[in-house]
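Take a look at the structure below.
The values are calculated or read from the model by the stated rules, or taken from the named source; none is laboratory data. Just so we're clear, the structure is a prediction, and the values are computed from it rather than from any experiment. We place every Cβ from the backbone using ideal geometry, glycine too, and count neighbours over all the protein chains shown. For accessibility, only protein heavy atoms count, side chains too; no ligands or nucleic acids. Shrake-Rupley method; radii C 1.70, N 1.55, O 1.52, S 1.80 Å.
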Amino acid sequence: MFFSVCGAFALATTAFFMPLYLKESGFSGKEIGIIYAAFSITSIISAFPSGLASDRFLARDLIALALALMGVASWMKSEIFLFPLFMLAYLIYGVGQNLFKVSLDALLLKTFSRDVGKVYGIFNSVRMLGFTPGGIAGGLLLSVLDFRFILKLIGSFYLLLSLIKNFLPKNVPISFGLKTYREDFWKPSVLLFAIWLFLFYLHWGAEFTSYGLFLRENLRLSLLGMGFYMSAEFAMIGLTSFTVGLWLNKGVSPYLLAIWGLLASGIGHMGMIIENLTVSLVFRLLHGVGDGTIMVLSYVGIAELFRVERIGGNSGLITLTIMLGGFIGSLIFGPLGEKWGYQWPLFISGVTTLALIPIIFIPKMIKTNERRTF
C-alpha cells in the first residue's frame, strides 16, 4: 500500500494541472484531446499484456520497470514542446502508469482473496490518502515553482521509488494460454460488467480534458485553490471507499450501492458546473461519493468473476475496457469543451452516468449458472 500511496501522490501533483500546462505551452484543444486519447491508447494496448505479465512474472519487478518509465517520461515532458515528441513522451508515461496500476492491483488481488469488500475498500481509501496531499502539494508547488521543474522533481521521485521494489511481496508466477483468458472473459456476465464499466468511465475523458480548465477559467481558481478543490474530492473518495468496503463486508447489497453510487456520481458531475465555489464543491464531493463506491464495486466484481491464478490477465482486460472509455471520452469531450465551454463535458458525462442505472438490473435477468458480477 506504500507504493500505491506514493504513486498516487506523485500523479496528483501534476495530473489535473496538466491541461493548463499544455494550453500555456501552445497546444490547442484538439491537440490536448489527441494527447489524452493517445495516452488512453497506450493503456488500451498495454492493459492485457501488463496483466498477463503480472501472472507470468514477479509483479514487483514490473512495478519497478513501470516507475522507471514514468520517471523518464516526466523528464521528457519537461524538456519537449514539439507536439509529436511530446505525445511520444505521453505514450511512454501511459505505458508506465498502466503497467504500474495493473501490476499493483494484480499483486493485491493475488495476495488478499478473502473479505474482498473490506480489503479493497481500505486499499482504495489508502490510495486516496496519496491523492489528497498530492493535489494540495501540486497546487502549492505550482504556485511558486515552474511546472517544468515540478515535472523533473516528480520524475526523480519515480526513479528513486523504483529502487525499493524488494519491499513488495512476491507472487507465484503461473503461465496460461491466451485461449484460457478468452474463455474467462467471453461470458455474458463478464461482458456486461466490462461494457458497464466502459460506459461509466466515459466521464474520465471529460475530466482529463475539461476538469482542470473548468476550475481555472470558469471558477477562476488559483493553482493552490485548484489543489484544495481536487484534494477535497480525493478525501471524500477515500472515506467513501472505506465505508463502502465495510458495508459490503456486513452484507449490504452491491446492487443497492451501485444505484446510489451512479446517482451520486452523475448528479455530482452535473451540479458541479454551477459557478459558485461552495455549491460546485458540494456537488463535486457528491461525485466523489459515487466514484468511490463504483471503484470498490469494480474491485469486488473482478475478484468474484475470475480465478485468482489468472486474475492478473483478466483484470488487465477489465482495465482495457476502462481505458477505452477514457479514450473515447477524450476524443468526444476535448473538442466539445474548447468549442462550447468546459462545463458541458462535465454535465453531459453526468447525464450518461445516470443512464447506466437500469443496466444494474440486467444480471438478475440473465439465467445462467455463472456467478453474478455484483
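Of note:
- Ranking of Met272, Met295 by solvent-accessible surface, largest first: Met295, Met272 (1.4 Å probe, protein heavy atoms only, all chains present).
- Heavy-atom SASA rank of Asp184, Asp61, Asp146, Asp55 (probe 1.4 Å, accessible area, largest first): Asp146, Asp61, Asp184, Asp55
- Candidate membrane-span-like segments in the chain, meaning DSSP H helices with Cα atoms spread over at least 30 Å of their own axis and a Kyte-Doolittle mean of 0.0 or above, are 29-56, 59-79, 83-111, 116-144, 223-249, 277-305, 311-340, with no membrane implied.
- Ile136 contributes an accessible area of around 40 Å² to the protein surface, as traced by a 1.4 Å probe with all chains present.
- Links that overshoot a 18 Å alpha carbon limit, given the list Lys77/Lys339; Lys30/Lys152; Lys110/Lys250; Lys118/Lys165; Lys23/Lys77: Lys77/Lys339; Lys30/Lys152; Lys110/Lys250; Lys118/Lys165
- The stretch 1-70: C-alpha gyration tensor shape, a/c 1.5 cut-off, then a/b vs b/c: oblate
- Alpha-carbon centroids, the stretch 119-184 and the stretch 209-241: separation in whole Å: 20 Å
- Phe112-Leu88 pseudo-label distance in nm [points 7 Å out on the Cα-to-Cβ vector]: 4.1 nm
- Given their separation in residues at 0.36 nm each and the Cα-Cα distance between them, Asp146 and Trp340 gain 66.8 nm when the chain is fully extended.
- Alpha-carbon centroid distance for the pair the stretch 1-37 / the stretch 60-91, whole angstrom: 12 Å
- Residue-span extension gain [Glu275 to Phe81] - 0.36 nm each, minus C-alpha spacing: 66.6 nm
- Charge dipole (debye, nearest 20) of the chain; +1 at Cβ of Lys and Arg, -1 at Cβ of Asp and Glu: 760 debye
- Once the C-beta distance of Phe57 and Leu246 is scaled by a Förster radius of 35 Å, the resulting FRET efficiency is 0.55 to the nearest 0.05.
- Residue separation of Phe361 and Trp260 scaled by 0.36 nm, minus their Cα-Cα distance, works out to 35.0 nm of gained length.
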